[in-house]
Amino acid sequence: MQKQTTPLLSPAVGTHRELVSFHFGPSSDSSDSGQKIYIQSSLHADETPAMLTAVLLKRRLLELEAAGALAAEIVLVPVANPVGLGQYVMGQFIGRFDLASGKNFNRHFLAFPTLAERAKDRLGADAMRNRDIIRELLREELAQQAPLTEFESLQLALFKQSFDADLVIDLHCSLEAVMHVYTTEAAWPSIEPLARYLGAEASLLATHSGGQAFDEAHSLIWWNLQQQMPAGKPVPDGTLAVTVECRGQRDVSYAVAQQDADAIIDYLMSRGAIRGEPKALPPLPFPATPLAGSEQFYAPVSGIVVHRAKIGDTIRAGDPLFDIVDPLTDETTTISSHTDGVLYMRRAIRFATAGAPLGRVTGTRPVRTGVLLGA
């Protein structure tokens, strides 16, 4: 294992943060490296279940490396957001948004609008050779980036570590949730075994959900090129990317984190990145559904939130999900589902302001368009 530190742009005199990454197995420029795997956790800083999973994953990778079992380069970033970890305000972490700019740490990652124009004259008939050319073009564009803020330098540092990975696993958690994953329709056949090993109770699929989140910033590079290049210049799926939501913020335990770390190891074994025999594939608890089909619920009024359904419940259209009780008038407003699916996540609030998001239920029929991600 090699430990690397990448200094971030200092936002003020006397301050300094750095991004730490751990590199296992043969390097990407070694003839022994068949693929590169990139795994990071807690891009929203206070996603502690994801961070603990990364810690236990690191311990296991050390053992596997010592045993000579790693067949791929594996890069692990347990703390993907040291900036957000410093945002501890009056006893609370504010890990989702950068306090200096108000920006979401997992939105608006780099896009490469001129990449297709630069690539079209260099690509040929060999898809794998085209992959290498595209990655070299990306490397050149990343080298030309000049971040102006600590936020931008963090996003750039993460992308430089991951842009040439064959697989990107972005570990997060929600507020209160079951295990669930986000990926693209094209990647789903390759990602489904991971969802099975993880026991994902919801798998949400979208090619372009809006917001340029970390996972899609990788997959969209290749999808956009596939749409723009002629058939004689094939573009492969250069990077498979998946976001894994490790349940809710309070789901922090060695047992659960070890279960998730073991699931990732089994998946990497099934991909040939780790030598060994993975466990037999378990069944998928629920089939994948379009992200555009998930119904999102908001509080129409303010009041005390009483949950009428549990996380992970199978929901039918018409089932009550939330009551909002006005403490002054005693009036109760019930929010019911219009969708058959699984209640896979909800906010941790127990008192709502008008318009506050409350939770989401999966659905098989697309009901939303535009930006599909929350703020």
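Numbers below:
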item	result
Per residue solvent-accessible surface (Å²) - the chain, probe of 1.4 Å	44
Over the stretch 309-375: Kirkwood hydrodynamic radius from C-alpha pairwise inverse distances, Å	13.3
Within the stretch 1-100: Cβ-based charge dipole about Cα centre, in debye rounded to nearest 20 (Lys, Arg +1; Asp, Glu -1)	180
Candidate values (1) 26; (2) 16; (3) 23, label of the one derived for percent of Cα pairs over 35 Å apart	(1)
For the chain, the longest site-free run once GluC sites (Glu not before Pro) in DSSP loop states with at most 13 other Cβ atoms within 10 Å are removed	1-184
Pairwise centroid distance, computed over Cα atoms, of the stretch 255-322 with the stretch 160-217, Å	12
Cβ charges +1 (Lys, Arg) and -1 (Asp, Glu), total dipole of the stretch 49-161, debye	240
Heavy-atom accessible surface of the stretch 190-234: percent carbon and sulfur, 1.4 Å	47
The stretch 50-93, Rg to Rh (Cα coordinates; Rh as Kirkwood inverse mean 1/r)	1.18
Residue (of Pro287, Ser253, Ala309) at the positive-pole extreme of the stretch 229-316, dipole from beta-carbon charges	Ala309
Size of electric dipole in the chain: Cβ of Lys, Arg +1 and of Asp, Glu -1, about Cα centre, debye, nearest 20	60
With every protein chain in place, the stretch 17-88: carbon and sulfur % of accessible area (1.4 Å)	49
Per-bin percent of Cα-Cα distances, the stretch 123-192 [5 Å]	3, 12, 16, 16, 20, 17, 10, 6, 2, 0
Fraction of beta bridges assigned by DSSP in the chain that are antiparallel (%, nearest 5)	60
Pairwise centroid distance, computed over Cα atoms, of the stretch 130-159 with the stretch 19-85, Å	20
Surface accessible to a 1.4 Å probe, His108 within the full protein complex, Å²	140
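The values are calculated or read from the model by the stated rules, or taken from the named source; none is laboratory data. Note that the structure is predicted; figures quoted are calculated from it, not measured. For neighbour counting, all protein chains shown are included, and Cβ atoms are generated from backbone atoms with ideal geometry for every residue, glycine included. Accessible surface is based on the protein model in full, side chains and every heavy atom, while ligands, DNA and RNA are left aside. Shrake-Rupley method; radii C 1.70, N 1.55, O 1.52, S 1.80 Å.
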